[in-house]
Amino acid sequence: MAHKFAANEIRPRAVEWDRDSVFPLELFRKAFDLGLMTGFIPEIYGGQGLTMLDTCILEEEISWGCSGVATSMNANGLALGPILLAGTGEQKRVFVQPFATEFRFASFCLTEPGAGSDAGGIATTARRDGDGYVLNGRKCFITNGVHASQYTVFASTDRSRGHKGLSAFVVPRETPGVSSGKKEDKMGQRASETSDVLFEEVRVPEANRLGAEGEGFKIAMRTIDYARAGVAAMAVGVARAAYEHAAEYGRQRVQFGQPIAMNQAIYFLLADMATDIEAARLLTWKAAWLADQGKRNTKESSFAKAFAADLAMRAATDAVQIFGGYGYMKDYPVEKLMRDAKLLQIFEGTSQIQRMVIAKETLLR
Ligand SMILES: Cc1cc2nc3c(=O)[nH]c(=O)nc-3n(C[C@H](O)[C@H](O)[C@H](O)COP(=O)(O)OP(=O)(O)OC[C@H]3O[C@@H](n4cnc5c(N)ncnc54)[C@H](O)[C@@H]3O)c2cc1C
């Protein structure tokens, strides 16, 4: 179903959404109605209880259609993840359950202008005030920030303790003092919207804090360990699309009296792509499967994210090369893939950060 949805509903319009930077709200509504957006919500909270492995299979297909669409569809999982991982039953009922029955967006608010890879250095504060907290700060590059009805926000409850002083909060959009900035004009994945989200004297009750004070960093990292498998699956979808376009073009384009794909220099590129796609998918599924078994998957999700994101970039670049001059033109599908793929090496931990995690989990242990 996800593949059919990508082929019939996403691909025919993806070029237009990319060109005009359109957030395809009606498409997302259809995806929600088909259960493609929030299937990961456990059945007891009204969802379908899809496993992480199910979600990865679904993500690959949607991203094969358009990775910008996949990024925005995936963002609810990232934002609701901390609640599912660290929330109480009541918090899950109040803050997760509505997403199973109503078409809504949530955003994960960690990154700030001064704290990207070094997420522990965030400057947003949550000041104790009576029976609640008052939040102040600015988050940037927030996926679906403009459209979200709920934010999962990481803020410092004790700046003297660095990353150990961070706490996580759920903030409904309608809370006074919450606003979103202008939508960013991005290189790729232009069907997904990204913006600042600002918090000015935003009051939330203690009931909106996830876990204990000081557990925010741990909650964010556990969520991201989970979510990285989803980004890796998106990267596999982009690489697969690049491979399919390049293989098809290589068979058809004749130069020097034969299809260009008959040249070893070209079919070696395609053979490497096909091999790496298989490897990336298996790394991704292993990371997802470990998560589904309740096992720690920090190392495996970084293996998958680094390998798959770098592959997506390499495959898209090689696909442009195989298309030659036509690959550089917007009339052909591969230049979009090259712009879209770049983001996969940046968000949810850059490719460098994945290697730092892998090194910490292996040789520096
Ligand atoms: C389109 C988009 C959507 C996003 N969506 C969200 C979202 O929904 N929620 C959210 O919270 N964030 C989101 N982000 C933020 C994203 O996760 C960060 O951009 C990313 O973590 C990198 O942070 P940075 O941009 O500040 O780069 P920096 O951390 O400044 O890094 C710059 C460069 O330095 C490298 N670098 C940094 N430290 C080291 C080191 N110690 N060793 C080696 N190299 C290093 C990095 O790898 C990178 O190449 C999004 C970003 C984008 C672009």
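The values are calculated or read from the model by the stated rules, or taken from the named source; none is laboratory data. Everything numeric in this text was worked out from a predicted model, so none of it was measured. Backbone-built Cβ (ideal geometry, glycine too); neighbour counts: all protein chains shown. Heavy atoms of the whole protein, side chains included, go into the accessibility calculation; ligands, DNA and RNA do not. Shrake-Rupley method; radii C 1.70, N 1.55, O 1.52, S 1.80 Å.
A few points about this structure:
- Positions within segment 204-218 being in contact with a Phe, Trp or Tyr (Cβ under 8 Å, 6 or more places away or on another chain) and small (Gly, Ala, Ser), in sequence order: 216
- Within segment 115-153, the residues that satisfy the criterion of being within 21 Å of the chain's Cα centre (by Cα) and more than 8 Å from the ligand (Cβ to nearest atom) are 120, 122, 138, 146, 147, 148, 149, 150, 151, 152, 153.
- All positions within segment 26-55 that are closer than 30 Å to residue 335 by Cβ and without any contact (Cβ under 8 Å) to a residue 12 or more places away in the chain: 26
- Residue 286 being away from the ligand (no atom under 16 Å from the Cβ), open to solvent by 40 Å² or more (accessible area, probe 1.4 Å), under 19 Å from the mean Cα position of the chain (by Cα) and within 30 Å of residue 112 (Cβ to Cβ): no
- Residue in segment 127-139 that is at negative phi, surrounded by 19 or more Cβ atoms within 10 Å (Cβ to Cβ) and free of Cβ contacts under 8 Å to residues at least 60 places away in the same chain present: no
- Scan of segment 4-43 for residues that are open to solvent by less than 40 Å² (accessible area, probe 1.4 Å), closer than 30 Å to residue 93 by Cα and of a type in the set (Phe, Trp, Tyr), ordered by number: 5, 23, 28, 32
- When residue 233 is tested against (1) within 14 Å of the ligand (Cβ to nearest atom); (2) open to solvent by less than 10 Å² (accessible area, probe 1.4 Å), only condition (1) is not met.
- Condition met for residue 151 (among the aromatic types (Phe, Trp, Tyr) and under 16 Å from residue 220 (Cα atoms)): yes
- Against the conditions (1) within 12 Å of the ligand (Cβ to nearest atom); (2) over 14 Å from residue 76 (Cα atoms); (3) open to solvent by less than 40 Å² (accessible area, probe 1.4 Å), residue 91 satisfies every one except (1).
- Residue among 81, 89 that alone is within 25 Å of residue 169 (Cβ to Cβ) and over 19 Å from the mean Cα position of the chain (by Cα): 89
- Applying the criterion of being more than 13 Å from the ligand (Cβ to nearest atom) and open to solvent by 40 Å² or more (accessible area, probe 1.4 Å) to the residues of segment 333-358, the residue that is farthest from the chain's Cα centre (by Cα) is 333.
- Candidate set: segment 97-114, residues that are away from the ligand (no atom under 16 Å from the Cβ) and open to solvent by 60 Å² or more (accessible area, probe 1.4 Å); chosen: the one nearest to residue 72 (Cα to Cα): 102
- Qualifying residue in segment 311-332 (condition: within 16 Å of the ligand (Cβ to nearest atom) and either open to solvent by 30 Å² or more (accessible area, probe 1.4 Å) or not assigned by TED's automatic domain parsing to the domain that holds residue 64 (or both)): yes
- From the list 237, 327, 250, 294, the lone residue that is outside any helix (DSSP H, G or I) and not charged (D, E, K, R) is 294.
- Test: residue in segment 204-225 that is farther than 19 Å from residue 85 by Cα and modelled with pLDDT of 95 or more: yes
- Here residue 180 clears all of (1) within 14 Å of the ligand (Cβ to nearest atom); (2) open to solvent by less than 20 Å² (accessible area, probe 1.4 Å); (3) of a type in the set (Ser, Thr, Tyr) except the condition numbered (2).
- Of all residue pairs spaced 6 or more apart or on separate chains, those with beta-carbon atoms under 6 Å, a first member in segment 179-192 that is outside the structural domain of residue 337 (by TED's automatic domain parsing) and a second member that is open to solvent by 40 Å² or more (accessible area, probe 1.4 Å) and in a strand (DSSP E or B) are 179/198.
- Checked against (1) more than 30 Å from residue 308 (Cβ to Cβ); (2) open to solvent by less than 50 Å² (accessible area, probe 1.4 Å); (3) not assigned by TED's automatic domain parsing to the domain that holds residue 119, residue 172 meets all criteria but (3).
- Cβ pairs under 6 Å, 6+ apart, first in segment 270-290 and more than 23 Å from residue 222 (Cβ to Cβ), second among the basic types (Lys, Arg): 277/240
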